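The values are calculated or read from the model by the stated rules, or taken from the named source; none is laboratory data. Model, not experiment: these values are computed from the prediction. Cβ atoms come from the backbone with ideal geometry, glycine included; neighbour counts cover every protein chain shown. Calculation scope for accessible area: heavy atoms of the full protein, side chains included, ligands and nucleic acids excluded. Shrake-Rupley method; radii C 1.70, N 1.55, O 1.52, S 1.80 Å.
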Amino acid sequence: MSEHKKVLLHISDLKQYFPVGKKQFGKEQLFVKANDGISLDIYEGETFGLVGESGCGKSTFGRTLLQLYHQTAGRSIYYGRTIEEIAPKYVADIFENLPEKKKKCEEAREKAKKLRTEWENMPEGTAKNIELQKLNEAETIAKNELLDITALIGGLYVADNLKEISQVYVNEYHATLNRRKLKEQITGLKAEISNKKSSMKEKGKSDNEINSMVRTLEGKVQQLESQVMQEEKKIKEEATKIQGYKKENQKKKEFALYESFMDNGINLANLTDVEMRFLRRDLQLIFQDPYSSLNPRMTVGQIIGEGLQAHHLFKKGDGKMQDYIMEVMEKCGLASYFIHRYPHQFSGGQRQRIGIARSLAVNPKFVVCDEAVSALDVSIQSQIINLLLDLKEQNHLTYLFISHDLSVIKYISDRIGVMYLGNMVELCKTAELFERPYHPYTEALLSAIPTTDMDKKKEVIVLEGDIPSPIKPPRGCKFHTRCQHCTEICKEVEPKFEEVTHGHFVACHHKLNVLEKKK
């Protein structure tokens, strides 16, 4: 899939920790490590399934990705919009403080390098395994700080005159921001012209009055368009200067390496609440509970229309909005005459369709389906899943489909990620996961799927004991307390999440043993 699909979301080292109580004097602050270093890519147009036992961090991951929770650490890069479209404040902060940012980054890299040397010189044993976690964290911080800068300036990271270059980037940033604001004003004025023409005609105003109003507003539009051209000229001038700086520095060591880090994606983790609110239209959520997720005091039309007004797709009282809502309802399998009914008048399946319509009405690009069918009867589940698949094709959607039900995940997903205690332990294409799981946890989950086919009767692998606490997870591999393949290395060393075969990632010391066992 990676050969043919464009990455929509690139997640690296995502962590989501929740503090436990208040920090007491002299006591260590404890955290629930709901997501503890997750890395993966989600491609445009795919359905990425996420499976695992209750409490493994699936829903937290989905909500953190949407920044409903501010992630503790890591990078979540979104490619559905460009930096120029959003002009985030974190970009301005980096541009305005390039020399200081580089200095801080170099200090973090030196610290990580020193820890690496100390760790390599340590004798083998438990102490070395414990220090490995500190080393990994230091290297991750240094890598992320470097990527934050080089994603924006590329090879100019090696330039000596960063203060001068910084000002050029600041000028380009502000010109880009001004252009975006001007274009928004133009869009608003054009909508105002259309609305006022309709309103004046309804009120019986003469053609002369209407034309006078149109000329006045069109004059303002032309002024703004002239300002847009001026800002675009500034952007072009500053971009030319940047290319000049790059030409001066391209022979320097590591220029090409840093230039390869250039990235026009948006780091969702660094956005302000206002900026993230702008992207809510692109990134939507379908809730698990079709009952509590709908406001009982609002009609179906009001529930669906609320998001349309919040994202300024329609103004309050716009007659076209009701027609649009009815069209969305019909696409989601709801009769248009339901528009004035309240949630209590619908069944569970119909309520979930309302939730789906609410999310899809704003034309999102990415939708998190958080256990979207688990609260429904099996017969209704299949209807909702088929609806989601149809809507995906019609609207070119990308799904993160979260479920504990492997049968559902198998039917709807292109790729599957298996989570355990806040970590991704296996990730690959759906068919491959069911045919050849490499992780013992995945093997156990698959063995528990009920079947009526007596010829394919298999031994159920029972996972002994409970899931460990996410506050103080086991050292080494988190699964070792319940794993039948556990050895001494599992208790001490955390396995790397690495690619075993093409597109098949596993975090296990004995993945090959599992493979041998299945042969």
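Label sites at residue 130 and residue 407, each approximated as a point 7 angstrom past Cα along Cα to Cβ, lie 4.8 nm apart.
Inter-label distance, residue 226 to residue 318: 3.0 nm, where each label sits 7 Å from its Cα along the C-beta direction. When each full DSSP H helix of the chain is screened for a Cα extent of at least 20 Å along its own axis and an average Kyte-Doolittle hydropathy of at least 0.0, the helices passing are 378-395.
Plainly put, segment 8-103 has a radius of gyration that is 1.05 times its Kirkwood radius, both from alpha-carbon atoms, as the Rg/Rh ratio. Over segment 37-93, the reciprocal of the mean inverse Cα-Cα separation, the Kirkwood hydrodynamic radius, stands at 13.6 Å. As a rough guide to protection, the peptides 194-204, 110-120 ranked by mean Cβ packing within 10 Å, highest first, stand as 110-120, 194-204.
Suppose only helical runs count, i.e. DSSP H with n ≥ 4. What mean residue ellipticity at 222 nm does that imply for the chain under -39500 (n - 2.57) per run, divided by all residues and rounded to the nearest 500 deg cm²/dmol?
-16000 deg cm²/dmol
What the Cβ-Cβ distance of residue 197 and residue 379 gives, at R0 = 56 Å and to the nearest 0.05, is a FRET efficiency of 0.65. One decimal place: the segment residue 449-residue 484 gains 10.7 nm when fully extended, by the rule 0.36 nm per residue minus the C-alpha distance. For the pair residue 82 and residue 499 in one chain, pulling the backbone fully straight at 0.36 nm per residue adds 147.2 nm over the alpha carbon distance. Here's the list of lysines a cross-link from residue 315 could span, going by alpha-carbon distance under 16 Å and ignoring same-chain residues fewer than 8 apart: 190, 196, 197.
Note on residue 116 and residue 215: the model spin-label points, each 7 Å out from Cα along the C-beta direction, lie 7.1 nm apart.
Less than 11 Å Cβ to Cβ from residue 392, Lys/Arg counted +1 and Asp/Glu -1: what total charge do the surrounding residues give? Counting the neighbours of residue 392, the net charge comes to -4.
How many percent of DSSP beta bridges within the chain run antiparallel, rounded to 5?
Details: 28 of 45 bridges.
Counting DSSP beta bridges with both partners in the chain, the antiparallel share is about 60 percent.
Once the chain from residue 337 to residue 297 is taken as fully extended at 0.36 nm per residue, the excess over their C-alpha distance is 12.6 nm. Averaged over its residues, the chain has an accessible area of 53 Å² per residue, based on protein heavy atoms and a 1.4 Å probe. Please work out the FRET efficiency for the pair residue 327 and residue 170, using the Cβ-Cβ distance as r and a Förster radius of 30 Å; give the result to the nearest 0.05. E between residue 327 and residue 170, to the nearest 0.05, is 0.10. For segment 167-245, carbon and sulfur atoms together expose 47% of the accessible surface, with a 1.4 angstrom probe and every protein chain in place.
Of the accessible area of segment 262-345, computed with a 1.4 Å probe over protein heavy atoms only, carbon and sulfur atoms account for 50 percent.
Taking the inverse of the mean 1/r over every pair of distinct Cα atoms in segment 47-178 gives a Kirkwood hydrodynamic radius of 17.8 Å.
Across all directions, the average flat footprint of the convex hull enclosing the Cα atoms of the chain is 31.4 nm². In whole angstrom, segment 104-173 maps to an equivalent ellipsoid with semi-axes of 35, 11, 7, each derived as √(5λ) from the alpha carbon gyration tensor and ordered largest first. Measuring against 25 Å, Cα to Cα, the residue pairs 104/163; 429/511; 365/410; 23/113 contain 23/113 as the ones spanning a longer distance.
Express in % the proportion of alpha carbon pairs of segment 310-394 at distances exceeding 15 Å.
For segment 310-394, the share of Cα pairs beyond 15 Å comes to 60 percent.
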